[in-house]
1. LEU59 - would you say it is of a type in the set (A, V, I, L, M, F, W, C), out of contact with any helix residue (DSSP H, G or I) (no Cβ under 8 Å at 6 or more places or on another chain) and in a loop (DSSP other than H, G, I, E, B)?
2. Any idea which of (1) closer than 24 Å to GLU199 by Cα; (2) touching a strand residue (DSSP E or B) at 6+ places or on another chain (Cβ under 9 Å); (3) open to solvent by 70 Å² or more (accessible area, probe 1.4 Å) is the one GLU274 doesn't satisfy?
3. For region 18-49, how many residues are within 14 Å of ALA153 (Cβ to Cβ) and outside any strand (DSSP E or B)?
4. Residues being farther than 16 Å from LEU357 by Cα and either among the β-branched types (Val, Ile, Thr) or outside any helix (DSSP H, G or I) (or both): count how many of those fall in region 158-188.
5. Which number in (1) open to solvent by 60 Å² or more (accessible area, probe 1.4 Å); (2) under 30 Å from PHE177 (Cβ atoms) marks the one condition that ASP266 misses?
6. Limited to region 254-286, what total is found for residues that are part of a loop (DSSP other than H, G, I, E, B) and under 19 Å from VAL206 (Cβ atoms)?
7. Being touching a residue at least 60 places away in the same chain (Cβ under 8 Å), in a loop (DSSP other than H, G, I, E, B) and either more than 36 Å from the chain's Cα centre (by Cα) or within 25 Å of ALA247 (Cα to Cα) (or both) is the filter here, so list the residues in region 189-206 that pass it.
8. Which of the numbered conditions does LEU251 fail, given that it passes all the others? Conditions: (1) touching a Lys or Arg at 6+ places or on another chain (Cβ under 6 Å); (2) part of a helix (DSSP H, G or I).
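The values are calculated or read from the model by the stated rules, or taken from the named source; none is laboratory data. From a predicted model like this one, the values you see are computed outputs, not experimental measurements. Heads up, the Cβs are rebuilt from the backbone with ideal geometry, glycines too, and the neighbour counts pull from every protein chain shown. Calculation scope for accessible area: heavy atoms of the full protein, side chains included, ligands and nucleic acids excluded. Shrake-Rupley method; radii C 1.70, N 1.55, O 1.52, S 1.80 Å.
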Amino acid sequence: MQTVIAFIVVFGSLVFFHELGHFIFAKRAGILVREFAIGMGPKIFGMMKGETLYTLRLLPIGGYVRMAGEDTDSVELQPGFRVGLVLNRDNVAEKIYLNQNVQNPNVLFMEVERADLEKGLWIEGYDEDDQFTRINVSRTATLVENGTETMIAPYDRQFNSKTVGQRAMAIFAGPLFNFILAFFVFAFIAIMQGVPTYEPIIHGVVEDGPAAAAGMEAGDYVKAIDGQPVEKWQDLSTTVQEKPGEALTLLVERDGQNIELKMTPDTLVESGKEYGQIGVMYQSPVEKNPLKAIVFGVTQTYDYTVLILGLLGDLITGQFTIDALSGPVGIYKATETVAQYGVYNLMNWAAVLSINLGIMNLLPLPALDGGRLLFFGIEALRGKPVDRQKEGMVHFVGIVLLMILMVIVTWNDIQRFFF
């Protein structure tokens, strides 16, 4: 149960901040956001606030922000439709009942001849006295069909009415917020636990190892190797790993005195490569400093971004096979392992996943945010948008291919973890 809760909290937070980015910049551009959803599939909770429906859905595998003007969102009144109109004091329609009987004496019934609910905002047709009339429609009018109310979207409130820059920013903001979330999580961890200084101080010495044989002790501060200065633990670790079986001279500071220690790293073979090791343990000292915590948040976000991009490059060049990819099942099992080591490790894992989600969404692939940004780039170069039907077909094919990939990855996860 703890793993389930941890997975829902972690994955839900990543999806929430991703969709929050889309939501905020869509609203800033004046786009009508119809729904802000966490999860996919059947709705288990919904709350209408303002003009947006906030929903929680059954499957915790994603989320979405539904904007006016996208896909099949447009509302059209065809000639011959019978509508009931609720008018305000200025005889402007505030509510439109579509093809249904309404027991309300204040409703004006019309048979639609023509209508424009996007730019002109009017309905023309014949009333019950067979008089041709024209009724203006409010910008905030709602259309009621089968008990469901939908706010109309004037053209200037629709996604496609906005500039290329506004639309691109509304899409880009989702991945951007994933990177921002990772930064804040890393910075928070650093504030609470302190920022590692990475000073090359020996925390412990393994018995019978080269370091112990040379007389190294816990608390020794390594200052140089073979005359080369050592400033951080990574300098010591990298040098030792790169010189298996080679004699080294380490200059250490102990109780205010400099001591030279000679040792030869043991050879460790891993994945066909040889590494040196001298048998020491490390635990970085920490420093609690808010400014350094902010810097730590930036550097960690940058370092993990570079690492994930490198792994992505390995996948593209064939050095990293598809069998090594993980889907929701793999993420769940990894979360189960990480959660055993405490809340800060779980938060660190969430930050790494957030960066990964941001990068994956920025890939220029159909159906992903990066794919949509690619079409915006083409539109900016051409000076006109790509045909919406053609673009929609490309994204549809992309969704199908992504679903196939998800099935393959999930099946690999199930075989790896359960068989």
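1. Details: of a type in the set (A, V, I, L, M, F, W, C): yes; out of contact with any helix residue (DSSP H, G or I) (no Cβ under 8 Å at 6 or more places or on another chain): yes; in a loop (DSSP other than H, G, I, E, B): no.
So LEU59 does not fit the description; no.
2. (1)
3. So the first thing to find is which residues in region 18-49 are within 14 Å of ALA153 (Cβ to Cβ), and the list is 26-27, 29-35.
Still in the running and outside any strand (DSSP E or B): 26-27, 29-32.
Summing the residues that are within 14 Å of ALA153 (Cβ to Cβ) and outside any strand (DSSP E or B) in region 18-49 gives 6.
4. 4
5. (2)
6. Quick first cut of region 254-286, residues part of a loop (DSSP other than H, G, I, E, B) only: 255-256, 264-265, 271-272, 278-279, 282-285.
In the following step, the residues that additionally are under 19 Å from VAL206 (Cβ atoms) were identified as 264-265, 278-279, 282-284.
Looking only at that region, the number is 7.
7. If we filter region 189-206 for residues that are touching a residue at least 60 places away in the same chain (Cβ under 8 Å), which is where we start, we get 189-199, 201-206.
Narrowing further to those that are in a loop (DSSP other than H, G, I, E, B): 194, 197-199, 202-203, 206.
Result: TYR198, GLU199, ILE202, HIS203, VAL206.
8. Among (1) touching a Lys or Arg at 6+ places or on another chain (Cβ under 6 Å); (2) part of a helix (DSSP H, G or I), the lone unmet condition for LEU251 is (2).
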